[in-house]
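Visitor: Sharing a structure with you now.
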Amino acid sequence: MKFAALALDYDGTIAVDGVFDPAVREAVAEARRRGIVVILVTGRQLPDLHRVAGDLGCFDVIVGENGAVLEFPFSGRHVVVGHAPNPTFLKELTRRGVPFAAGESVVEADANWAGTILEVIRSLEQPLILTFNRGRLMVLPQAVAKSTGLRHALFALRVSIHNTVAIGDAENDHDLLDACEVGVAVAWGSAALRAVADEVIAGTGPGAVADYVRRISQQPRLSAGQMGRRRFILGRQYNGDEVSLAVRGRTILIAGEPGTGKSWLAGLICEQSILQGYCVCIIDPEGDYRSLEALPSVITLGGDDPPPHARELLRALRHPDVSVIIDLSKLSHREKREYLRTLLPLLVTLRRSTGLPHKILLDEAHYFLSGPDAASLIDPELAGYILVTYRVSALAPAIRDAGDTVVMVTRETDRAEAKTLLAMCRPQPCTAVSPDVFRDLQTTEVALLPGAEEAHGELRRFQLAPRLTSHVRHRTKYLDMPVSDAQAFVFTGDGEPGARAHTLKALTGLLAALPADRLAGHLRRHDFSRWIEEVFRDRPLAAYIHEVETRADLEDARDVADAVGQAVRARYDTVAQK
């Protein structure tokens, strides 16, 4: 994921004895020149902060009073997130001799007075909390913390907290680091904070923070090594162990034959991404993911309407908490290909600029990412794609072989596809995984291939977790999906090749149009059932048609051919009518 925003604590992190470190000031200015939003998040009251820090125009937003107050330096906008201290509460503190300083929302005091202050809060039944910061404490309204003010600031700037790195040093920075995608502690700060941070900056003072900010400002994406707290729960192994994936900016490739749960798994990952506040763009060639619109902040574009043009899509994806389903089910296959050649590069540009969307799902990926220029349609550096395919061998090699890719497989009985999947295990050669394991997978089972960190160096076979939203299964999509010329069904006559069917729809048309004598030989040889099994891997339909073809020696070839065509239409056409 793109690095788009930086949240910095003040005292102890970028300031010593209240003095803003000049090296950090320069590093902040450099980061902002690179397009990174920089927000100061401090427990100090703003008048006091301006007194000790001087000019703070190098920040996009200042969050003061531990999240209760916001100041936008360039516009002069001032926002109080919390509410003002209760006068009765302040009077009681004064009566009890507690020295304090009241801000617009916060009340500060020495931490040694914590017991007395807590007694006052309880006796007056005030909705307040205590937050400690080394030798000081802050009294704040309930549900106000540093992350509260940060979220308000990021919302105003239309930047996602999932593109944000936070750096802090003390007790009151725990929720700040936890809220951001990457939480960083300094080595000279709180040991408890270091223990839960994603990363620790070595060194002894703000100069080390300045070096760290300069370094990460030069990288386009958040480091995969930094990220791991947020996870997708995929399911459980039979021994009860949970199987999950860290939500990193990695590409996830889901392979397996049709009807074995690929889009269920892809939908499960999208569902959990959306519920965790990530922005997801789902490119849905056949309307399989429309049920995800039941989740909050999800909109569907396309479908019965024309697919969204660039301006409409950019308008929808400018909000970090909005996810978009692009339903292309009403377009022809050619129209889908043409549209995606424009859409995919547009999403690359958008993500490079804004960091959104965080995840891009593309179903039936082999139809759109198989050519020599396929790799140019996606962004291998920011990655974050979820690619779903029943023909992984057709994907461009550059996409299949991309590093840091998680590969998961549902049932796969085709030996050529299984061989391709084995070649994607890491490290190579992979002798620990048998191709037969893919054949044995049940409909609710998935195999996580060796290579992903979460696989622990082995193939992990697990049962899929449940979903909140229902799954939409559209067999009708296979009617119009063309296969390559080499896989097309070739009708022959007198030993010479004739008409070709590149889709099931074309096959049914030719079955009805060609004379019976051109069809009889194919029926006796069971060519139609064999083609459907080998190319489309629809074994139930192939088995049924094989039985129909056995009647070719006893019945009129025209009647048998009509029965084959009717079986195909019943399997696919009628599903779309339900």
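Visitor: Would you confirm whether any residue within the range 192-211 is assigned to a strand (DSSP E or B), of a type in the set (A, V, I, L, M, F, W, C) and surrounded by 14 or more Cβ atoms within 10 Å (Cβ to Cβ)?
Guide: Scanning the range 192-211 turns up at least one residue that is assigned to a strand (DSSP E or B), of a type in the set (A, V, I, L, M, F, W, C) and surrounded by 14 or more Cβ atoms within 10 Å (Cβ to Cβ).
Visitor: Here is a further query. Any residue in the range 327-341 that is closer than 20 Å to ALA255 by Cα and touching a strand residue (DSSP E or B) at 6+ places or on another chain (Cβ under 8 Å)?
Guide: So far as the range 327-341 goes, no, none of its residues is closer than 20 Å to ALA255 by Cα and touching a strand residue (DSSP E or B) at 6+ places or on another chain (Cβ under 8 Å).
Visitor: Select from the range 162-179 the residues that are crowded, with 22+ Cβ neighbours inside 10 Å and more than 16 Å from ILE14 (Cβ to Cβ) and write down the one among them that is nearest to the chain's Cα centre (by Cα).
Guide: For the range 162-179, the residue satisfying everything is HIS162.
Visitor: I need a count of the residues in the range 327-372 that are of a type in the set (Ser, Thr, Tyr), over 18 Å from CYS270 (Cβ atoms) and assigned to a loop (DSSP other than H, G, I, E, B).
Guide: 2
Visitor: Can you give me the number of residues within the range 499-524 that are within 26 Å of GLU412 (Cα to Cα) and among the basic types (Lys, Arg)?
Guide: Count: 1.
Visitor: Kindly evaluate ALA4 against the criterion of being out of contact with any strand residue (DSSP E or B) (no Cβ under 6 Å at 6 or more places or on another chain) and buried (at least 22 other Cβ atoms within 10 Å of the Cβ).
Guide: In short, yes.
Visitor: Where in the range 1-118 are there strands (runs of 3 or more DSSP E), lying wholly inside it, with at least 2 residues that are out of contact with any Ser or Thr (no Cβ under 9 Å at 6 or more places or on another chain), under 24 Å from THR148 (Cβ atoms) and of a type in the set (Gly, Ala, Ser)?
Guide: 100-102
Visitor: If ARG215 passes every condition in (1) crowded, with 17+ Cβ neighbours inside 10 Å; (2) in a helix (DSSP H, G or I) but one, which one does it miss?
Guide: ARG215 satisfies every listed condition except (1).
Visitor: In the range 348-378, what residues are closer than 17 Å to ILE399 by Cα and touching a strand residue (DSSP E or B) at 6+ places or on another chain (Cβ under 8 Å)?
Guide: LYS359, ILE360, LEU361, LEU362, ASP363, GLU364, ALA365, HIS366, PHE368, LEU369, ILE378
Visitor: Quick one: how many residues across the range 395-419 are surrounded by 19 or more Cβ atoms within 10 Å (Cβ to Cβ), in contact (Cβ under 8 Å) with a residue 24 or more places away in the chain and in a helix (DSSP H, G or I)?
Guide: Number satisfying all stated conditions: 3.
Visitor: Another question, if that's okay. Applying the selection to the range 129-161, what residues are in a helix (DSSP H, G or I), surrounded by fewer than 24 Cβ atoms within 10 Å (Cβ to Cβ) and either of a type in the set (A, V, I, L, M) or in contact with a Ser or Thr (Cβ under 9 Å, 6 or more places away or on another chain) (or both)?
Guide: ALA156, LEU157, ILE161 - these are the residues of the range 129-161 that are in a helix (DSSP H, G or I), surrounded by fewer than 24 Cβ atoms within 10 Å (Cβ to Cβ) and either of a type in the set (A, V, I, L, M) or in contact with a Ser or Thr (Cβ under 9 Å, 6 or more places away or on another chain) (or both).
Visitor: While we're on this one: Among the polar types (S, T, N, Q), in contact with a Lys or Arg (Cβ under 7 Å, 6 or more places away or on another chain) and either over 27 Å from ILE129 (Cα atoms) or at pLDDT 95 or above (or both): which single residue out of ASN66, ASN86 fits that description?
Guide: None of the other options fit; the residue is ASN66.
Visitor: I'd like the full set of residues that are closer than 15 Å to VAL322 by Cβ and over 15 Å from the mean Cα position of the chain (by Cα), limited to the range 339-353.
Guide: Across the range 339-353, the qualifying residue is only LEU350.
Visitor: May I pose another question? Only one of ARG122, ARG134, ARG158, ARG151 is within 30 Å of SER217 (Cβ to Cβ) and outside the structural domain of GLN218 (by TED's automatic domain parsing). Can you tell me which?
Guide: Going through ARG122, ARG134, ARG158, ARG151 in turn, the sole match is ARG134.
Visitor: What's the total number of residues in the range 260-282 that are closer than 19 Å to LEU343 by Cβ and under 9 Å from the mean Cα position of the chain (by Cα)?
Guide: 4
Visitor: Still on this structure: Against the definition (touching a Phe, Trp or Tyr at 6+ places or on another chain (Cβ under 8 Å), in contact (Cβ under 8 Å) with a residue 40 or more places away in the chain and surrounded by fewer than 22 Cβ atoms within 10 Å (Cβ to Cβ)), how does ALA101 come out, yes or no?
Guide: When the stated conditions are applied, ALA101 does not pass them.
Visitor: Name the pairs whose Cβ atoms lie under 9 Å apart, with the first residue in the range 60-83 and among the aromatic types (Phe, Trp, Tyr), the second assigned to a loop (DSSP other than H, G, I, E, B) and surrounded by fewer than 15 Cβ atoms within 10 Å (Cβ to Cβ), and 6 or more positions between them or separate chains?
Guide: That search, which allows pairs on different chains as well, returns PHE74/GLY57.
Visitor: I need the full set of residues from the range 512-560 which are part of a helix (DSSP H, G or I), more than 30 Å from ALA416 (Cα to Cα) and either out of contact with any Gly (no Cβ under 6 Å at 6 or more places or on another chain) or not basic (Lys, Arg) (or both), in order please.
Guide: Listed by number, the residues that qualify are ALA512, ALA513, ALA516, ASP517, ALA520, ARG551, ALA552, ASP553, ALA557, ARG558, ASP559, VAL560.
Visitor: I've got another one for you. If you go through the range 482-511, how many residues are in contact (Cβ under 8 Å) with a residue 24 or more places away in the chain, assigned to a helix (DSSP H, G or I) and surrounded by 17 or more Cβ atoms within 10 Å (Cβ to Cβ)?
Guide: Here the count works out to 5.
The values are calculated or read from the model by the stated rules, or taken from the named source; none is laboratory data. All values reported here derive from a predicted model rather than from experimental measurement. Virtual Cβ from ideal backbone geometry, glycine too; neighbours counted across all protein chains shown.
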